[in-house]
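Worksheet for the structure shown next.
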Amino acid sequence: MGGHGHGHESYTIPDYKIYKVDDIPELCATRKALASHGLKDPWLRNEVWRYNPKEFGTEKARLRTFLFRGFRTGFIAFAITIAGTAIYDKMYPPKHHGEHSDH
């Protein structure tokens, strides 16, 4: 084993200077709101990557992924269940005990 990474690719940590709060309007608004109360978030820069569409996708894309993740698998399971129920009902039709009729 000896520290060879166990087959994982090496990862290069990006330079922290590429993440600028000034490039993200939402974070600028957060910084301004904090400053209006005399506060400062020294770790705000750590949130910049979340707003980079290349890194994390757009808000719309993230919402679409959240809503439809597993949709294909779920739909296939639904179709199999419906088909299985139909086949079962044909093989074993329900028995009607004592038909009721209104005279």
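Each value in this text was obtained by applying a stated rule to the coordinates, not by laboratory testing. Everything numeric here is computed off the predicted structure, so don't read it as measured data. Don't worry about glycine lacking a Cβ; one is built from the backbone with ideal geometry, like all the others, and counts go over all protein chains shown.
Using the per-residue mean of other Cβ atoms lying within 10 Å as a proxy for protection, in what order, highest first, do the peptides 40-49, 72-81 fall? Each step should come with its number before you reach the end.
Working: 40-49: 12.5, 72-81: 10.0.
Listed from highest to lowest mean packing, they are 40-49, 72-81.
Fully extended, how many nm does the chain gain between Lys95 and Leu67 (0.36 nm per residue separation, minus their Cα-Cα distance)?
Values: separation 28, 0.36 × 28 = 10.08 nm, distance 4.18 nm.
5.9 nm is the gain from fully extending Lys95 to Leu67.
Along the charge dipole of the chain, pointing to its positive end and built from +1/-1 on Cβ of Lys, Arg, Asp and Glu, which listed residue (Ile18, Asn52, Tyr88) has its Cα farthest out?
The Cα lying farthest towards the positive end belongs to Ile18.
Dipole of the chain, Cα-centred, from +1 at each Lys and Arg C-beta and -1 at each Asp and Glu C-beta, to the nearest 20 debye? Provide the component values of the computation, followed by the final result.
Working: 15 positive and 12 negative charges, 66 e Å.
With only Lys, Arg, Asp and Glu charged at Cβ, the dipole is about 320 debye.
Which distance in nm do the two modelled labels at Ala77 and Ser36 give, with both placed 7 Å along the Cα-to-Cβ direction?
Distance between label points: 4.6 nm.
Of [x] 1.40; [y] 0.94; [z] 1.21, which is the value of Rg/Rh (Cα atoms, Kirkwood Rh) derived from the coordinates here?
[x]
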